[in-house]
Every structure is written in structure tokens, then in C-alpha cells.
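The values are calculated or read from the model by the stated rules, or taken from the named source; none is laboratory data. Since this is a predicted model, take the numbers as computed values, not measurements. Here the Cβ is made from the backbone with ideal geometry for all residues, glycine too, and neighbour counts use every protein chain on show. Calculation scope for accessible area: heavy atoms of the full protein, side chains included, ligands and nucleic acids excluded. Shrake-Rupley method; radii C 1.70, N 1.55, O 1.52, S 1.80 Å.
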Amino acid sequence: MAHNNGSNNNDREESSPLLSKQVVEGDEKKEANGKKSKEATAEVAASPAVSTAAGYGWTADGLPLGHGSVVGEPMGRAQWDSPLLACLGRNDEFCSSDVEVCLLGSMAPCVLYGSNVERLGSVPGTFANHCLPYSGLYLIGNSFFGWNCLAPWFSYPSRTAIRRKFNLEGTCEALNRLCGCCGSCVEDEMQREQCESACDFATHVFCHACALCQEGRELRRRLPHPGFNAQPVLVMMPPGEQTMGRGA
């Protein structure tokens, strides 16, 4: 029995160094795994920033964000689809539509303005509410002053609404981009918006037909006409008259 107890003690003494080595090795493995997990967490945290910078995001209005856009950073404004003096638009699938816009803007601006407002609001039935007042101001201005000087006071807010809805650059921003002037107006948001609204009014006064045509081309490329958004009507056809045949 004494021999057995001695052997058990010897076994315990011999096994204890192995246990201590196993504990040390386990601690080292845990530390290595912890470092790997921290490195993987850092890589995962860094990956969304890289993917966001490399790809495109979208705003709530469906507008694309540019490269490298960060939350809180002001998004760059887009340019108009066609210039102000591009009467016939550009050669694409909307070519025939651009010709129609040009003819309406030169011969019947009241119809083009009413169509633009109806398309912008995407509510059918607003055509007459804007076309008729515009026609009255157009006739009064041409009859008493010899030119269309009253209707632009009524129509220029539509240009401001289009610019704000699609985040388009205004005249001050375009001049700052081309020649570097109007820099102080562009930096201050309130001052920039006041300057852009004044430029919208001046554009409608001095280039009224061209402004209406540019707005019409922009809206036709971005928004469908509300009259084309009707839901399909399902017609239920009653079953035909059925007769039971008798066997011979």
C-alpha cells in the first residue's frame, strides 16, 4: 500500500508540470485568438467605409450620391440635362419630344407651362389651373406693353421648384464652376438660394421661351406624365350560357 501511495504521489508530481505547460499553452492560444478577432473586427469596421467610398449611394428622393460622399457632407449638385439655348435638345430617344417642346415654347408657351407644372406636381387636373392664368397675363403683357413681361412673374417659381426637386445647379453655381466668380454666394447657403431665385426670375424674364423649353426637356426625361400612370382596369366577363346535353 505504501508502494502504491508513493507511486501515486510520483504520478501527481510528474503530471503537474505537464498540466502547467498545458495551461500556459492554452493561455497563449487564447491571446492569439483574441488578437486575430480584434484584427478581423478592425477589418470589418474599415470595409464599409471603403465600399461606400467606392460605390454609389442613393438619397430618399432617388438621387445618386457621388464618389466619396459621407453622411453630413453636402452632396454636389447635378447639371441640367441640356443647356438653356439648346432649343432642339440633344440627339437621343427624346428627340421627337424635344422638337415638340420647342414648338410649344415658341408658339404656345401657355400650353408648355401648364404641362410642365402638371408633370412636376404629378397630379392630373392642374393643367388648366396654371395654363389659364398664364394665358391671361401673357395677353395683357403683349397687349399693353408689347412683350411678355407679366407671365414670367407667375412662371419663374416652377424653375426654382425643378431645381430644388432634382438638386440641380443654378446660375451662380454654374458661373462659379466655369469662371470662378460668385464664390461668396455659393459658400453661404442662404445667400446662394436668394441669388439662385433671382437668377431664375431673370432667366424667365429675358429668356422666357428658352427657360420653359429647358424645363420641359428636363421634366420629360425625369418624370412620366401623370396621365400615363393610370392603373390597369380589370374587366370581369360573365361566363357564357351553359347547357347540359342529354345522352342518346
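For the reader, a short list of remarks on this structure follows.
- Shape category assigned to region 145-231 from the gyration tensor of Cα positions, a/c cut at 1.5: oblate
- Among 197-203, 213-219, the order from most to least packed when residues are scored by Cβ within 10 Å on average: 213-219, 197-203
- Within region 78-222: Cβ-based charge dipole about Cα centre, in debye rounded to nearest 20 (Lys, Arg +1; Asp, Glu -1): 260
- Whole-percent carbon and sulfur share, accessible surface of region 78-222, 1.4 Å: 65
- Ranked packing of 170-177, 181-188, most packed first, by mean Cβ within 10 Å: 170-177, 181-188
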